Structure formats: C-alpha cells, structure tokens
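One structure is given here, and the rest of the page talks about it.
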Amino acid sequence: MTGYATSSRESAAGTVTIELKSVNSRFLDLQFRINDDLRALEPLLREAIMGRVARGKVECRLSFGRKAQGDSRLDTNEALLASLAELQKNVQARFADAAPFSVNELLRWPGVLAESEISQESLQADVQATLATTLEAFIGARQREGLVLETMLLARIDDLEQLVLRITPLVPQAVAQFHQKAIERLQEALGLALGANGNVAAPTISKEEAQDRIRQEVTLYGIRVDVAEELTRLSGHLKETRSIIKKGGQVGKRLDFMMQELNREANTLGSKAALKELSDASMQMKLLIEQMREQVQNLE
C-alpha cells in the first residue's frame, strides 16, 4: 500500500526529522536513508517499523540538524592549534616566503572549533518519539487508502455475484442442448452413416446396443459441460472473500489465495462453457478478478 508521513521534533541539541513513504509490494522491503553518524539507530527504526507494517516497499529517512549555538562561547581545540602553529613554524623555516595562517583559515580548519557533545541516550529518545508520531500518521494514511480499496473490492464482488446469479439458470439449458446434439451425432455415427456409394449404410449394431452406447457417451461427456459445481464454488469463494474483507486486519495474503481460487473456477467455467453466454460470462469474471487481484496485492 502507498502512504506518506513526516514529522520533526525539536530538542536542545537540534531537530530530528523522520520521513516514511511506501509504494505497493507483495512483501515488506525496508530501505533506510540515514547519515553515517546516525547509522547505529537503524536497528531501532527497523524493529519499530516491522512491528507495525507487514507489506510494501517502505523508505525511511532520518536526519538530524544541530541547533546553532547562538551567543554562547565557542571553545577552541588548543591541542590542534598548537600542532598547527608548530607545523607553520617548520614550514616557514624552510620557506621564508610562505604566508602564515589567517585567523579565518584557522577557525575554518576542521576540528578547531569544538562542538558540544550530544548525549546518545537523549538523541535516541528523541528519535523514538519522532518515529512513534510519524508511524501513527503513516499507518493512518495507509488505512484511509485501505478503506477506498475495500469499497472497490466489495463492488467487484457484487458484480461477480450478479454474474453467477444470471448464468446459473442457463446451466440446465446448456446441458440439454449438449445432450441433444450429442445424441444426433452419435446416432448418425453408429447407425446412419453414409456408405461409399452415397447411400445410407446399414446399421452395424442393433438399435438397443446403439441406444445404450449413446446413453453412456452422452452421460460421460455431459459431465464435462455441467458447470453447476463451478458456480457453487464461485459463490462460496465470493462469500469467503467478502467475509475476509469485512473482518479486517492483515488480509493481504489470504485475499491473494482467494483470487487464485476465483480465477481457477472462472477458467474452468470458460473451458467447459457450452453456450456463448457462459463463455462471455467467464471472460467478464476473469476481468473483474484480475482487477481485484491487482488491488489485493496492495493490501496489507
């Protein structure tokens, strides 16, 4: 599921900012954008996010901005200044024309101005508090999207159930038409085939044997076009899918499985369809199921 949230927290040392955003993914994929000096906090962030999020490609950005020291006195690194003075003296002994350090160059030299130490415990507490606020907003955004997807999925289930109700009365008609066509073809094949001279050939078996063979073949192949069981299973799967959605919670993987079952029954219905109406309904079902499947992969 997609989602976005960001929040900041002010402290005496500076500002902690955490940003969370996610895009759709069937599995949980965590990525962190953290400065090296804050990298030790990554396990804390990972554990907290995994405790609330189960699906999606989630990116977490953590930044910390030190607060300006304002009018307070800055301390200089006396040991470093002494080393720089000694180095300058040695260089000027060899190169008399070498220009000495300016005050600006010295103050900009890395490490000359000592920054106050930041308590790691205090920083960790600020990060935890900021993450808690960000996670709440992030989960809220994903839940709002989930409500929209729920409405869409329930509408598709309604459409599928209407299709099932519409074609169920057609099944006996399809079976009857198949039986009639099969009987006519088998009667022709078993006793009324044309001979080589174009005349009707004499029956090769008795009438009773032919009728018995016809009944066997029609019964055998009639089972292949009877889709009543597939429609019953489709109805059951749709009811279960609706129940899963209404129950809520982490439903993504269970709905993935239901989409597979629905698609299997729709495919079987299409392969066994003996009427154009059944074949068309199968195609409509697969289209609706595919629309659901694409969105189900976004749900957690």
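The values are calculated or read from the model by the stated rules, or taken from the named source; none is laboratory data. Bear in mind the structure is a predicted one, so any value in this text is a computation, not a measurement. Backbone-built Cβ (ideal geometry, glycine too); neighbour counts: all protein chains shown. Surface areas here come from the heavy atoms of the whole protein model, side chains and all, with no ligands, DNA or RNA. Shrake-Rupley method; radii C 1.70, N 1.55, O 1.52, S 1.80 Å.
Can you confirm whether residue 264 is at pLDDT below 90 and open to solvent by 90 Å² or more (accessible area, probe 1.4 Å)?
When the stated conditions are applied, residue 264 does not pass them.
Run residue 8 past the list (1) modelled with pLDDT of 90 or more; (2) under 25 Å from the mean Cα position of the chain (by Cα) and report the number of the one that doesn't hold.
Unmet for residue 8, out of (1) modelled with pLDDT of 90 or more; (2) under 25 Å from the mean Cα position of the chain (by Cα): (2).
Can you confirm whether residue 278 is farther than 16 Å from residue 54 by Cβ, open to solvent by less than 10 Å² (accessible area, probe 1.4 Å) and more than 27 Å from the chain's Cα centre (by Cα)?
It is true that residue 278 is farther than 16 Å from residue 54 by Cβ, open to solvent by less than 10 Å² (accessible area, probe 1.4 Å) and more than 27 Å from the chain's Cα centre (by Cα).
Residues that are over 21 Å from residue 64 (Cβ atoms), open to solvent by 40 Å² or more (accessible area, probe 1.4 Å) and either more than 24 Å from the chain's Cα centre (by Cα) or modelled with pLDDT under 90 (or both): does the range 108-119 have at least one?
Checking the range 108-119: at least one residue is over 21 Å from residue 64 (Cβ atoms), open to solvent by 40 Å² or more (accessible area, probe 1.4 Å) and either more than 24 Å from the chain's Cα centre (by Cα) or modelled with pLDDT under 90 (or both).
Please pick out the residue among 272, 239 that is farther than 21 Å from residue 153 by Cβ and either surrounded by fewer than 20 Cβ atoms within 10 Å (Cβ to Cβ) or modelled with pLDDT of 85 or more (or both).
Matching residue, one of 272, 239: 272.
Need pairs with beta-carbon distance below 7 Å; first residue under 24 Å from residue 28 (Cα atoms) and within the range 283-299, second not in a helix (DSSP H, G or I) and not small (Gly, Ala, Ser); sequence gap 6+ or separate chains.
Cβ pairs passing all conditions: 297/24; 297/26; 298/1; 298/24; 299/1; 299/251.
What is the one condition in (1) among the aliphatic types (A, V, I, L, M); (2) under 27 Å from residue 298 (Cα atoms); (3) touching an Asp or Glu at 6+ places or on another chain (Cβ under 8 Å) that residue 44 does not satisfy?
Among (1) among the aliphatic types (A, V, I, L, M); (2) under 27 Å from residue 298 (Cα atoms); (3) touching an Asp or Glu at 6+ places or on another chain (Cβ under 8 Å), the lone unmet condition for residue 44 is (3).
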